[in-house]
Each structure stands twice: as structure tokens, then as C-alpha cells.
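The values are calculated or read from the model by the stated rules, or taken from the named source; none is laboratory data. Just so you know, these numbers come straight off a predicted model, no measurement behind them. Backbone-built Cβ (ideal geometry, glycine too); neighbour counts: all protein chains shown. Protein only, heavy atoms only, side chains kept; ligands, DNA and RNA dropped before computing areas. Shrake-Rupley method; radii C 1.70, N 1.55, O 1.52, S 1.80 Å.
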Amino acid sequence: MKTFSKIQTKALVFCMTILMLMLVLMGIHFMPHTASAASNESEIVYIDTEVEDIAFTQHPTCVFFGFKLTVSDYDDFGSWQGDYAHTDTYNKYEQYITSQLTYWKNFSQLNSEGARFDQLYAYWSAGWDTTAQAYPLPPTQFANSVAHRSTLARLEFGFTFYIPAGTTFPSATYVKNGCQGAPIMYRTVEDKAFYYDGSKFQTFSYAVAQTRQVAIEEVNAIDYSVYQELERAEVRALVKKVSEQLNVSFTKFAIQDTLSAFYAELDEIMTIADYQALAEKKTTAKSELLAFFNGLERDLYETADWDKILSMQSEYSALIDALGSVEEVDAAVAGVKFTVGNVLTKVERADFAAYQEAAMQRLEASFVETLYREQERIQGAAWLQEAKTIIEQATTKNEVDSAELTYTARIRELKTQAQWEKEEEQKQQYKPIDSTVKEETSVDETPPQERGCGSSLNQMGITLGIAIAALMIINKKKDGQRDEK
């Protein structure tokens, strides 16, 4: 008998185990039931709807917004505001609005300006104000809508509503009946966004709206404490400008472009750490140049050339102090060294006259007068004379090289006799039959000083780069006129 009882017990345990396993597999759990949001939600009646349009009106101090739904009971009562005079009804309505309706509860998160609604202040179909015996809102404009007064002072272009799926709106029937029984709510199904285009609200991509909102929050999250007072004001102005630009950006590309431009401008504004790094860089640069000048040998230079070096040595410290970035300091150090390196030593100066003469001979050889017509011959001869003057006045090989490169390029751009003849032949072949059409002249009307000049000078500037800039700054007292020429 005991054995049979044990078998029964084991069988019962086995059956119970199998049953529990089957229930688990079916998704049924034996757990203690506790009150939760889900159990509360089961007591709420939800009706699917969507926001199809947004009405608005600008009052002197605020903006009213009205939401029109695809499915609602907002037109069932005509123009009705709602009666919350009784304390019991008022308390139920307050709880209904503040604790259960996600729309009013999260309104500051659902628009681009952080505006809020005045809670417990709703109108259906424009509403009839029994106290004022008037419509607070235009009945036609707000027909079949639920409206609220917002804290937004003025509606401007780009103002955006974010209405995610699951946003709820109050039922006029439920409130009209004194908020008795299970709450009734209209609940949206799709994510939607609306923006104000200056005259009305338009729909646009909810994903883009969210991206824009994240971008605005990112821009406004800048840490101002890393800047000094002057730069802090500059950053605030930049953030304000970019936030306004983002508010009127309606594609992800536009948003990204605006963000990229923002960070590019922000990088140009120095932080406290940048100023510290710049100060350290200047100290290091001055030490480096001091060692550089101390390493130069006086006996290698003529007196006039050594005086140039001493002049640069006396001015480099002030030059570096006036610079505003680490990059500029690096450029100045390189420029000073390059400029000093171009000061001729005694040995170099002994050969400098021959160097000048060789450059001038190469320039003259590049201009063969017989290849050109009269106008080009005159221009070429003038350029040769200009080049000769500059080369004779040059004090460094770099100046000689620059003049030779510039004027050689100009001469090469002169149009030869053969080029003119080829162009004239082509024009003759395609000459219009109509004799009234005037034949184009073969005169090049481009001013001589503009032909071929810009590109060569630009190349020269790129080649010399930092060095020439530093040379102009440091030697401005003695060599200013020559540098200007």
C-alpha cells in the first residue's frame, strides 16, 4: 500500500511537471499577480486615430493649437467647452489629463521650442466660454478639434510638432459624462511630424524631425565652461545662429551640412586649453629661434648682411607674441629661418653678380622677338626691362629666382605669329555667309598686364609660402618698398 502511494505521488509530481512545462511553452506563467501600468491600461478604452491637421491662432500673448483627428467625437457636442465646476469631476479630469494622457504630459518634448500647454484648459470645437459668453477661438477654424492654450509666445516658421505613435488625446464624451467609468482615449498609430511653413502646418518625415531634434540638442549641449568670457559670448551667438538654421532644415543632408559648418566654426574659437597650448608654443618657439640665431657666425657675413640678421633677431619675439594660433607660430619659426637662410654669406655674395647675370641671360633667351607680332614684341620687351630692374635690385637668390620664374611664364603666354595665323585661318573657314556680320578683329584686347600674370604670381606665392610672409613682416623697416614691388 505504501509502495502504491509512493507510485501515486511520483506520478502526480511527474504529471504536474509535464503540465507546468506545457504551460510555460504556451506562454502561461504561474506568478503572483501585482498591480501594474498594464493592468491599469486594461481599464482604459483606446480608439485608434491619427492627427490629420493642426489649427492655430495667435493671441496677443500666446498661441492656441487645435488638433483635428481622423477619428474623434469632438464634433458630437457642437461648441462645447466642458464643465469642471464640480470638485469631484474636476479632480477626476485633472488625474485623467496629468497622469494618463501622454500628449499633455509630454507636450514640451513634442515640439521644437519646448513650449507647454496650460493643463486642464481644453476646448472642443472651439468651445463656448460660458463666463465670457463668447468663443475664445474661431469656431470655423477649430471645428472638430481639441484645442489648448500653449506657452508659446509667437508661432514662427519652422516650429515643429513631434507626434509619435501611441500619443493619446482626451475623449470629449468621457469628460462630458463627468469622467465616470473607464477612461476613453484616442491613440495614434503612426509616427508623424508637422512643421509650420509660415502659413499652415505641413507634414514631413518623423525620422528627419527626430534627427533634427537630436542635432539641436547636440548643439545646445556645448560646454561653455571651457571658454574664456569673450569666446563664451562668441559661442553663444554661434549656437543661436545654428539652432535657427536647424529649425528650417527639412532633410538629413541639410541637417548634416549645418552641423559640419557649426563644428568647423566652433573649431576656430579658442578654448582655455588652446590659449594655454599657444602660450607654451610661443615660449618654445622663442627658445628655438634664440638658439638658431646664437648658432650663426658673424664672420661669414658682410656688415650690411649681418645687420639684417640682427634686425630680424630683434623683432622675432614681438612677431611671435602677436600671433593667434599654434599653426601661425610654426609658420613664423619656419619663415624666420628661411629668411635668414636667404641672407647671402661672403662666399655667396662674391658669386651673386654672376648669378644675377645668368638669370637675366636666360630670360632674354626665352624671348625671341622674331616669333611675335609688333604688339607682343613691345609687351615682351617691357617685361624684360621690368625683370632686369627687379633682378638688379635683388639681395637674395630667392628674389632672383622668383623674378625669373614670373617673367618667363609671362613671356611664354604671349601669342606668337604662328598662333595668330592659325586662329585667323580657322575664323576664315567658318566665316558667316551673311555679309552684314562683321568680321572679328585679330587684336587681343586683354590688357598686357593681365595676360599670364595671375597664375604665375600665384604659383610663386605658393612656392615661397610662409617664408615670404615672414620676410615681409620682419624686414618691413628696411626692405618694405622692395617687397611691395
If you average 1/r over all unlike Cα pairs in the range 217-319 and invert the result, what Kirkwood radius do you get in angstrom?
17.6 Å
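Could you give the length gained on full extension between residue 100 and residue 233, defined as 0.36 nm per residue of separation minus the Cα-Cα distance, in nm?
On the way: separation 133, 0.36 × 133 = 47.88 nm, distance 4.24 nm.
Length gained between residue 100 and residue 233: 43.6 nm.
Show me the chymotrypsin sites (Phe, Trp or Tyr not before Pro) within the range 372-432 that DSSP assigns to loop and that have at most 10 other Cβ atoms within 10 Å of their Cβ. Provide the component values of the computation, followed by the final result.
Numbers: sites: 372, 383, 407, 420, 430; in loops: 372, 430.
Answer in residue order: 430.
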Shape metrics for the range 240-386, restricted to C-alpha atoms - Rg then Dmax, Å:
25.9, 71
Please work out how much length the chain gains when fully extended from residue 266 to residue 326, using 0.36 nm per residue of separation minus the C-alpha to C-alpha distance, in nm with one decimal.
20.0 nm
Given pairs 68/200; 308/397; 176/200; 308/346; 281/397 and cut-off 21 Å on Cα-Cα distance, the over-length ones are 176/200; 281/397
Show me the trypsin sites (Lys or Arg not before Pro) within the range 152-207 that DSSP assigns to loop and that have at most 15 other Cβ atoms within 10 Å of their Cβ.
154, 200
Taking the Cα-to-Cβ direction at residue 176 and at residue 45 and moving 7 Å from each Cα, how far apart do the two end points lie in nm?
1.3 nm
Solvent-accessible surface ranking, highest first, for 73, 274 at 1.4 angstrom
274, 73
Can you tell me the length gained on complete extension of the stretch residue 58 to residue 165, counting 0.36 nm per residue apart and subtracting the Cα distance?
35.7 nm
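Just to make sure I understand: if all protein chains stay in place, what is the order of 199, 108, 205 by accessible area at 1.4 Å, largest first?
My answer, sorted largest first, is 199, 205, 108.
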